[in-house]
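What follows is one structure encoded as structure tokens, with my remarks underneath.
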Amino acid sequence: MALRPYWKGYLKLSLVTCPVNMTPATSESEKVRFHTLNKETGNRVVSQYIDSVTGKPVEDENEAKGYARGENDYVILTDDDLDAVVLDTVKTIDIQKFVPSDSIEWVYLEKPHYLMPDNAVGNEAYAVIRDAMKADKVVGVSKLVIGRRERAVVLEPRDEGIVLWSLRFGDEVRPEQSYFEDIDDEADPDLVPLVQSLIKQKSARWSPDMVSDPIQESLLKLIAEKKKALKPAKKSAKSKETAAPASNVINIMDALKKSLSDELKGRKAG
């Protein structure tokens, strides 16, 4: 069963636009998580912001972001200030460039997301962008605001869908040469066949079971045993689904023809 998307917006290529939604391809929601409790009462412990000078609790309405410009000197930004900094990439994935699918190094790929049409009206535009990237063996490069930060993203056609990867910035990637430069270029040729024999013995088809978490399994077993002595927890009411926003999608063929025409005119003018 597909999960509720956490982002909705538009996929745009020149004049071709379609409504899409996005869901992270990975999740840690099934991991065992603990609350901090008061062991004597069994009640949850609540965290609270405390003023570092007065020692008094800070009310929610008085919390703000601060950018340090000196010691104990900050530029204060409220939520309204931050919301006012609106970028087009908050709701639109506008593909600006295409690069060969094998040209982006693995270390830049940060987190995968499933990008899907948000309604049947956008299926055709979505499919033609996907299949064109497949045919040319390219991926699309764009930008998208994720968690108040504009991130570079890459769109990779995969099977019937598109996987959107958020990318790390260049200054976040450490060059591998700094770490591998002192390693021998070649191994002892007499030893390589022996290791190949070991590889052959241990080779198998990939299975997700190979990366199961034994600690997680042990914790779940322990929790299940302790739950037997407790009353079942009450189930919370399910949240209501909100309707997806309507959108207008122009004729794809006309949009593509006009996009190509505009591109050719731009090149002649240049």
message: Criterion first (of a type outside the set (Asp, Glu) and closer than 30 Å to residue 214 by Cβ) does residue 4 satisfy it?
response: no
field: Test set (1) surrounded by fewer than 20 Cβ atoms within 10 Å (Cβ to Cβ); (2) out of contact with any Ser or Thr (no Cβ under 6 Å at 6 or more places or on another chain); (3) not in a helix (DSSP H, G or I) - residue 151 fails condition number
entry: (2)
message: Checking the structure you have, find out if any residue of region 157-164 is surrounded by 10 or more Cβ atoms within 10 Å (Cβ to Cβ), over 37 Å from the mean Cα position of the chain (by Cα), of a type in the set (A, V, I, L, M, F, W, C) and not in a loop (DSSP other than H, G, I, E, B).
response: no
task: Go over the candidates 117, 57 one by one and state the one that is in contact with a helix residue (DSSP H, G or I) (Cβ under 6 Å, 6 or more places away or on another chain) and of a type outside the set (Val, Ile, Thr).
output: 117
- prompt: Which of the residues spanning region 96-108 are hydrophobic (A, V, I, L, M, F, W, C), open to solvent by 60 Å² or more (accessible area, probe 1.4 Å) and assigned to a strand (DSSP E or B)?
  reply: 98
- request: Looking only at region 165-207, count how many residues are within 20 Å of residue 113 (Cα to Cα), among the aliphatic types (A, V, I, L, M) and not in a strand (DSSP E or B).
  value: 0
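Residue-wise test of (1) exposed (fewer than 12 other Cβ atoms within 10 Å of the Cβ); (2) under 30 Å from residue 175 (Cα atoms).
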| position | (1), (2) |
| --- | --- |
| 51 | yes, no |
| 64 | no, no |
| 68 | yes, no |
| 74 | no, no |
| 79 | yes, no |
| 110 | no, yes |
| 119 | no, no |
Residue 87 being under 30 Å from residue 130 (Cα atoms), modelled with pLDDT under 80 and surrounded by 10 or more Cβ atoms within 10 Å (Cβ to Cβ): yes
query: Any idea which of 137, 227, 143 is at pLDDT 90 or above, more than 21 Å from the chain's Cα centre (by Cα) and open to solvent by 100 Å² or more (accessible area, probe 1.4 Å)?
result: 137
- prompt: How do the pairs read when you match residues in region 45-70 that are over 23 Å from residue 35 (Cα atoms) and among the aliphatic types (A, V, I, L, M) with residues anywhere that are modelled with pLDDT of 90 or more and surrounded by 10 or more Cβ atoms within 10 Å (Cβ to Cβ), using Cβ under 8 Å and keeping only pairs 6 or more apart or on different chains?
  reply: none
task: Would you please list the contacts, defined by Cβ atoms under 8 Å and residues six or more apart or on different chains, that run from a residue in region 174-187 that is within 17 Å of residue 108 (Cβ to Cβ) to a residue that is of a type outside the set (Asp, Glu) and open to solvent by less than 100 Å² (accessible area, probe 1.4 Å)?
output: 176/107
- request: Out of 19, 5, report the one residue that is part of a loop (DSSP other than H, G, I, E, B), open to solvent by less than 60 Å² (accessible area, probe 1.4 Å) and under 30 Å from residue 254 (Cβ atoms).
  value: 5
- request: With the condition kept exactly as written, say whether any residue in region 214-224 is of a type in the set (Lys, Arg) and at pLDDT below 80.
  value: yes
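The values are calculated or read from the model by the stated rules, or taken from the named source; none is laboratory data. Everything quoted here is computed from the prediction, not taken from an experiment. Cβ: placed from backbone, ideal geometry, glycine included. Neighbour counts: every protein chain shown. Accessible surface areas use protein heavy atoms only, side chains included; no ligands, DNA or RNA. Shrake-Rupley method; radii C 1.70, N 1.55, O 1.52, S 1.80 Å.
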